[in-house]
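The values are calculated or read from the model by the stated rules, or taken from the named source; none is laboratory data. Because the structure is a prediction, the values reported are computed rather than measured. Ideal geometry is used to build each Cβ from the backbone, glycine not excepted, and the neighbour counts take in all protein chains shown.
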Amino acid sequence: MTTIQSPQMFKPLRMDSQGRILLSAELRQALHLQAGDELVPRVKDGRLILERRSEVRSRLREVFAKSADPVGELLAERRAEAERE
(Lines give C-alpha, C1' and ligand atoms only; values in the text may rest on other atoms or scores of the structure.)
Protein backbone atom coordinates (compact mmCIF):
# COMPACT_ATOMS: atom_id res chain seq x y z
CA MET A 1 0.00 0.00 0.00
CA THR A 2 1.17 3.52 -0.73
CA THR A 3 2.21 5.76 2.14
CA ILE A 4 1.27 9.40 1.72
CA GLN A 5 3.96 11.82 2.81
CA SER A 6 2.16 15.11 2.14
CA PRO A 7 0.32 17.38 4.58
CA GLN A 8 -2.98 16.03 3.14
CA MET A 9 -2.25 12.82 5.04
CA PHE A 10 -2.72 14.62 8.34
CA LYS A 11 -5.62 16.86 7.36
CA PRO A 12 -8.64 15.85 9.45
CA LEU A 13 -11.70 14.56 7.63
CA ARG A 14 -15.07 15.96 8.63
CA MET A 15 -18.32 14.03 8.68
CA ASP A 16 -21.35 15.97 7.44
CA SER A 17 -24.83 15.93 8.97
CA GLN A 18 -25.78 12.94 6.81
CA GLY A 19 -22.79 10.89 7.99
CA ARG A 20 -20.74 11.28 4.81
CA ILE A 21 -16.97 11.65 4.85
CA LEU A 22 -15.19 13.10 1.83
CA LEU A 23 -11.84 11.56 0.90
CA SER A 24 -9.39 13.89 -0.82
CA ALA A 25 -8.35 13.19 -4.40
CA GLU A 26 -4.84 12.48 -3.11
CA LEU A 27 -6.12 9.76 -0.75
CA ARG A 28 -8.30 8.22 -3.47
CA GLN A 29 -5.37 8.15 -5.89
CA ALA A 30 -3.00 6.65 -3.32
CA LEU A 31 -5.57 3.92 -2.57
CA HIS A 32 -6.51 3.45 -6.24
CA LEU A 33 -10.16 4.13 -5.42
CA GLN A 34 -12.63 4.86 -8.20
CA ALA A 35 -16.17 6.20 -8.09
CA GLY A 36 -18.49 3.28 -7.42
CA ASP A 37 -15.92 1.14 -5.57
CA GLU A 38 -17.58 -0.73 -2.72
CA LEU A 39 -15.92 -0.41 0.67
CA VAL A 40 -16.66 -2.60 3.68
CA PRO A 41 -16.46 -0.81 7.04
CA ARG A 42 -15.38 -2.42 10.29
CA VAL A 43 -14.35 -1.15 13.68
CA LYS A 44 -11.26 -2.49 15.40
CA ASP A 45 -9.84 -1.11 18.64
CA GLY A 46 -11.87 2.08 18.23
CA ARG A 47 -10.61 2.66 14.67
CA LEU A 48 -12.67 2.76 11.50
CA ILE A 49 -11.21 0.51 8.81
CA LEU A 50 -12.45 0.63 5.22
CA GLU A 51 -11.52 -2.18 2.84
CA ARG A 52 -12.50 -2.94 -0.72
CA ARG A 53 -15.26 -5.51 -0.87
CA SER A 54 -13.22 -7.57 -3.33
CA GLU A 55 -10.28 -7.72 -0.90
CA VAL A 56 -12.52 -8.84 1.97
CA ARG A 57 -14.07 -11.51 -0.26
CA SER A 58 -10.62 -12.78 -1.31
CA ARG A 59 -9.43 -12.94 2.30
CA LEU A 60 -12.55 -14.86 3.36
CA ARG A 61 -12.09 -17.33 0.50
CA GLU A 62 -8.53 -17.98 1.68
CA VAL A 63 -9.68 -18.54 5.26
CA PHE A 64 -12.46 -20.93 4.28
CA ALA A 65 -10.26 -22.76 1.77
CA LYS A 66 -7.83 -23.58 4.60
CA SER A 67 -10.56 -24.68 7.01
CA ALA A 68 -11.88 -28.21 7.16
CA ASP A 69 -15.02 -29.20 5.27
CA PRO A 70 -17.46 -29.97 8.12
CA VAL A 71 -20.17 -31.27 5.77
CA GLY A 72 -17.73 -33.56 4.01
CA GLU A 73 -16.39 -34.81 7.33
CA LEU A 74 -19.90 -35.52 8.62
CA LEU A 75 -20.81 -37.42 5.44
CA ALA A 76 -17.61 -39.46 5.66
CA GLU A 77 -18.35 -40.33 9.30
CA ARG A 78 -21.91 -41.37 8.45
CA ARG A 79 -20.72 -43.52 5.54
CA ALA A 80 -18.13 -45.20 7.75
CA GLU A 81 -20.78 -45.90 10.39
CA ALA A 82 -23.14 -47.32 7.76
CA GLU A 83 -20.40 -49.65 6.46
CA ARG A 84 -19.67 -50.90 9.99
CA GLU A 85 -23.35 -51.78 10.52
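Could you count how many residues in region 31-85 are among the hydroxyl-bearing types (Ser, Thr, Tyr), loosely packed, with under 10 Cβ neighbours inside 10 Å and within 29 Å of ILE21 (Cβ to Cβ)? Spell out how you get there, then give the answer.
So in region 31-85, the residues among the hydroxyl-bearing types (Ser, Thr, Tyr) come out as 54, 58, 67.
This time we only want the ones that are loosely packed, with under 10 Cβ neighbours inside 10 Å, so: 67.
Now drop any that are not within 29 Å of ILE21 (Cβ to Cβ), which leaves none.
Count: 0.
Kindly check whether there is at least one residue in region 32-43 that is of a type outside the set (A, V, I, L, M, F, W, C), modelled with pLDDT under 95 and assigned to a helix (DSSP H, G or I). Scanning region 32-43, I find no residue that is of a type outside the set (A, V, I, L, M, F, W, C), modelled with pLDDT under 95 and assigned to a helix (DSSP H, G or I), so the answer is no.
Can you report the number of residues in region 1-24 which are of a type outside the set (Ser, Thr, Tyr), more than 20 Å from ARG47 (Cβ to Cβ) and at pLDDT below 90? Outline the logic, then answer.
Within region 1-24, the subset of a type outside the set (Ser, Thr, Tyr) is 1, 4-5, 7-16, 18-23.
Filter once more, so that each one left must be more than 20 Å from ARG47 (Cβ to Cβ): 5, 7, 16, 18.
Next cut, at pLDDT below 90 only: 5, 7.
The number of residues fulfilling the criteria is 2.
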